[in-house]
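Following: one structure in structure tokens, then a few remarks.
The values are calculated or read from the model by the stated rules, or taken from the named source; none is laboratory data. This structure is a prediction, so every number in the text was calculated from the model and none was measured. Reconstructed Cβ throughout: ideal geometry from the backbone, glycine too, with neighbour counts over all protein chains shown.
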């Protein structure tokens, strides 16, 4: 694939990881001998689609994070920086977007604790974002989803109209930056980057992808992640 654009990956590793017990934050926790963040970053360092990486980290861990990346990837030709994150994920992403060069075309925004994505998925998302300007990977839910009111079920949602949103979420750089600027001006808060774009009135498209695009948040997720690696399950 011929790449005619300048693309940046923003990897969000700024979380405190309180739901995964232990002294090490989940993004730095080892998964089968390799830190989760490194497993995630490796794909973006390897992909010809990505020209630069920005990793957001807890402010107190910036130097630790830099040393970890340097120890695994050495003096790679692909530029990268680690930035201290904000109070919320949204603050970290906005800071990273403001640090992108002005000639950036597309940004791939990805959770550091989702190590199971593929080069093929990046290519499909890239092809889609050129056409649609905002695209996310997703999968249909397998369970019945209900809304609740206090201790009672309120009603059941139609699964045919639901998807589970994953990352990397990919955007035209000028669009996502404009939407984040509007969000801060209006006091809007989104649960993911796509929701910021939606709140600003722009359409977001989705691609159905593997539901093993696992976000490691607790011990159950960590166990499943180990099995995926040990059994060499193809995502």
Exercise. If we keep just the residues of segment 180-234 that are out of contact with any strand residue (DSSP E or B) (no Cβ under 8 Å at 6 or more places or on another chain) and within 13 Å of residue 169 (Cβ to Cβ), which is surrounded by the fewest Cβ atoms within 10 Å (Cβ to Cβ)?
Worked result: 191
Exercise. Among the residues of segment 148-166, is any in contact with a helix residue (DSSP H, G or I) (Cβ under 6 Å, 6 or more places away or on another chain) and under 23 Å from residue 123 (Cα atoms)?
Worked result: no
Exercise. Out of all the residues in segment 196-216, is one or more modelled with pLDDT of 95 or more, assigned to a helix (DSSP H, G or I) and farther than 21 Å from residue 87 by Cβ?
Worked result: yes
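With the structure loaded, tell me whether residue 1 is assigned to a loop (DSSP other than H, G, I, E, B), in contact with a helix residue (DSSP H, G or I) (Cβ under 7 Å, 6 or more places away or on another chain) and either surrounded by fewer than 13 Cβ atoms within 10 Å (Cβ to Cβ) or modelled with pLDDT of 95 or more (or both) or whether it fails that test. Let's see the steps before the verdict.
Values: assigned to a loop (DSSP other than H, G, I, E, B): yes; in contact with a helix residue (DSSP H, G or I) (Cβ under 7 Å, 6 or more places away or on another chain): yes; either surrounded by fewer than 13 Cβ atoms within 10 Å (Cβ to Cβ) or modelled with pLDDT of 95 or more (or both): yes.
Here the answer is yes, as residue 1 does meet what is asked.
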Exercise. Which residue pairs have Cβ atoms closer than 6 Å, lie 6 or more positions apart in sequence or on different chains, and pair a first residue in segment 121-132 that is under 15 Å from residue 173 (Cβ atoms) with a second residue that is assigned to a helix (DSSP H, G or I) and at pLDDT 95 or above?
Worked result: none
Exercise. Could you list, in sequence order, the residues of segment 79-98 that are exposed (fewer than 15 other Cβ atoms within 10 Å of the Cβ) and in contact with a strand residue (DSSP E or B) (Cβ under 7 Å, 6 or more places away or on another chain)?
Worked result: 79, 81
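So, residue 68, is that one surrounded by 17 or more Cβ atoms within 10 Å (Cβ to Cβ) and either part of a helix (DSSP H, G or I) or over 16 Å from the mean Cα position of the chain (by Cα) (or both) or not?
Yes.
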Problem set entry | Per-region count, segment 75-86, residues within 17 Å of residue 99 (Cα to Cα) and either free of Cβ contacts under 8 Å to residues at least 12 places away in the same chain or not in a loop (DSSP other than H, G, I, E, B) (or both) | 5
Problem set entry | Residue list for segment 160-179, restricted to those being out of contact with any strand residue (DSSP E or B) (no Cβ under 7 Å at 6 or more places or on another chain) and either within 17 Å of residue 7 (Cα to Cα) or part of a helix (DSSP H, G or I) (or both) | 160, 161, 174, 177, 178, 179
Problem set entry | Options 136, 117: the member that is in contact with a strand residue (DSSP E or B) (Cβ under 9 Å, 6 or more places away or on another chain), surrounded by 20 or more Cβ atoms within 10 Å (Cβ to Cβ) and part of a loop (DSSP other than H, G, I, E, B) | 117
Exercise. Does residue 161 count as over 17 Å from the mean Cα position of the chain (by Cα) and surrounded by fewer than 14 Cβ atoms within 10 Å (Cβ to Cβ)?
Worked result: yes
